[in-house]
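The values are calculated or read from the model by the stated rules, or taken from the named source; none is laboratory data. Only a predicted model underlies this, so the values are computations on that prediction, with no experimental measurement involved. All Cβ positions, glycine included, derive from the backbone under ideal geometry; neighbour counts span all protein chains shown.
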Amino acid sequence: MQLGYSYKLKPNQQQKAVMNRWLDMLRCSVGAATRTQYNYLLRDRNDSYDQVKAPRLGNYCDLKSGGEACPLTCSVSKNHSVGYPWKKSQKNPRRSTYEAQSSNLPILKKERPWYKSIHSTVLQQTLRQLDVAFAKFFKGETGYPKPKRRSRFRSFKYAPGQVKLDGNKIYLPGIGWMGFYNSRPIPDGFALKSVTVRRKAREWFASLQIEDKSVLPAPVKNNTEIDPVRVKGCDLGINKLVSLSNGKTIANPAKQKSFKRRERRLKLRQKTASRKRKGSSNRRKSYSKVASLHERITNNRSAYHWNVANQLVDGTDALVFEDLNIKAMKSRCKPKPNENGGYDSAKPTLRERNGQSAKRGLNKSISNAAWGELVKKIEVVAAKSGIPVVKINPKHTSQRCPKCHHVSKNNRKKEKFVCTECGYHDDADVNGAVNIKLRGLKKLGIDPTQLPPVRGKVTPLEITAT
C-alpha cells in the first residue's frame, strides 16, 4: 500500500535561498544558460519534432539557422536533439528521449559549474517530470505541455533512498538538515519513497510518498457482495454540495457566511494589489497577501472535502456519481449573430445577448464547489475500503421520474421535481440522486427491483384521479 503525507518545513534563511535558486535554475530558459532543464528541453522537443515534419527539398534544413545540414549532423530522432541517442546495449541500442537528454547532464555541469550545487537526482527528476507530462499528453489525460512560468514552477523532487528522517528533522541532500512539523507520524512498517519539496504562498512543504508492501490494498467488492440498499447515489450541485439518494444532503461551504467574508476580503486585496506600481516591493507584498488568502481558502475547502469523503464512504457498499464534463460546463457561451447575420466586433451593441454575463456567476460557483477534487478524494478514501465508485451517463437524470420513468423538461421546476404524468414529487436534487443510483445499479449488474419502494410522495389530485 502507498500513502502520501505532507509536512510543513522549517528551513532557515540560507536554506530558503538555496531552494529558491534551485527552482530558478531548474525552470528558466533564457538563452543557453539553462541548457537541459525543463523549459529548454521542452523547446528542444518541439523544435526537433517541427524539424522532422517540415517539408524538405534536397539536403536537410536547420529551422533555426536556415542552413543546409547533411543527414549525419541532423537529429536522428524526431523527439530530441540534445544528448547522445545511442547506448551500448545490443538488444535495444536506441535511447529514449529521457535517457538521451539525461546523458547530457555531465556536459552541463562541466560547462556551467553552478549546476553542480543541485543534487544529481533533482536534475534527473526534472527531466522525468517533462517525460511524464508528454506521456500523459499522448494518453489523452492532459493537454500539450507548456513552458513553466516562475509562478507555476514551485517544486523539485528527490528519488527514493535520498532523503532521511530523524524524529522531527529531515535531511534533504544538497540542502541539509531542517526541522518540520511532525503533525502525523508515519505508521510502523512503511518505508520512505520519493519526496517532493514544494514552495507555497506561506512556506515550504515536503510531500512524502511512503509504502508498505506487506499491507495489501483492500479488494474491490463485486456485485454479489453489494447490498443494493447500502448503495448511495450522489448528485453534485451548487446550493447543496451533494444530495444523496437516501434523502440526506451535504451543505456547500461556499454558501456559508465565513466563505463569503473571505471572498470579499480576497476581492479587496486583489483590488489593492492591482493599484500598486508594477515592479515595486509594495506590489509584490500585496500579491503575497492575495496568494496567502487563496491558499487558506484552498486548505479549508480541501479539509471539508476530506470530511465529506469519509462521511459518504462510511456505511456504504458502493457510490455512484455522474460522469460530468466540468470543463465543458464552464465553457463560454457561443456568440449569437446580429441582425445582419454576422459578428461585428467593432459594434458589440448590435450583437444578440448570449447569456455569458449571467453564466460568469455559475462558472464561479462551479469552481468554488470543486467537484472534480471532491470526487478524486472520495475515490482515494473508497479505495482503502474496497468500495467501488461508479460513474454513469448524466443524461436526463434530473428530468426522469423514478416511479413511472416519464422524462420531460416540465418535470423539473428549479429546486422541485413534480412528475407531470403520475404526480410524484420530491426535491429535485434528491430525485436526481435516486435516478443516479438506479443507473449505477444497472451498471454494477444488480437488479434495481430488489430495492424498497421509491421514497417521495404523490399529490392528492393524482390519487383521486387514479
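List of remarks:
- If the condition is being of a type in the set (Val, Ile, Thr) and under 20 Å from Leu374 (Cα atoms), then the stretch 230-282 contributes Val231, Ile238, Val242, Thr249, Ile250.
- Residue list for the stretch 377-405, filter: buried (at least 16 other Cβ atoms within 10 Å of the Cβ) and in contact with a Cys (Cβ under 7 Å, 6 or more places away or on another chain): Cys401, Lys403
- Hits in the stretch 96-113 (condition: more than 15 Å from Gln125 (Cα to Cα) and either outside the structural domain of Ala133 (by TED's automatic domain parsing) or in contact with a Ser or Thr (Cβ under 7 Å, 6 or more places away or on another chain) (or both)): Leu108
- Residues in the stretch 185-229 that are among the charged types (D, E, K, R), over 24 Å from the mean Cα position of the chain (by Cα) and either at pLDDT 90 or above or more than 30 Å from Val242 (Cβ to Cβ) (or both): Asp188, Asp212, Lys213.
- If the condition is being touching a strand residue (DSSP E or B) at 6+ places or on another chain (Cβ under 7 Å) and farther than 18 Å from Leu42 by Cα, then the stretch 85-108 contributes Trp86, Pro93, Arg94.
- Odd one out for Leu165 among (1) in contact with a helix residue (DSSP H, G or I) (Cβ under 6 Å, 6 or more places away or on another chain); (2) more than 25 Å from Asp50 (Cα to Cα): (1)
- Residue check, Lys240 among the charged types (D, E, K, R), assigned by TED's automatic domain parsing to the domain that holds Pro402 and modelled with pLDDT under 90: no
- All positions within the stretch 251-282 that are touching a residue at least 24 places away in the same chain (Cβ under 8 Å) and touching a Lys or Arg at 6+ places or on another chain (Cβ under 7 Å): Asn252, Pro253, Arg269
- In the stretch 318-360, of all residues being exposed (fewer than 10 other Cβ atoms within 10 Å of the Cβ) and small (Gly, Ala, Ser), the one that is modelled with the highest pLDDT corresponds to Ala328.
- Among the residues of the stretch 108-138, those that are among the hydrophobic types (A, V, I, L, M, F, W, C), more than 17 Å from Tyr158 (Cα to Cα) and in contact (Cβ under 8 Å) with a residue 24 or more places away in the chain comprise Leu108, Trp114, Phe134.
- Qualifying residue in the stretch 433-440 (condition: buried (at least 17 other Cβ atoms within 10 Å of the Cβ) and modelled with pLDDT under 85): no
- Wholly within the stretch 353-448, strands (runs of 3 or more DSSP E) carrying at least 3 residues that are out of contact with any Ser or Thr (no Cβ under 8 Å at 6 or more places or on another chain) and closer than 30 Å to Ser302 by Cβ: 389-392
- Identity of the residue in the stretch 283-317, of a type outside the set (Ser, Thr, Tyr) and free of Cβ contacts under 8 Å to residues at least 12 places away in the same chain, that ends up surrounded by the fewest Cβ atoms within 10 Å (Cβ to Cβ): Asp314
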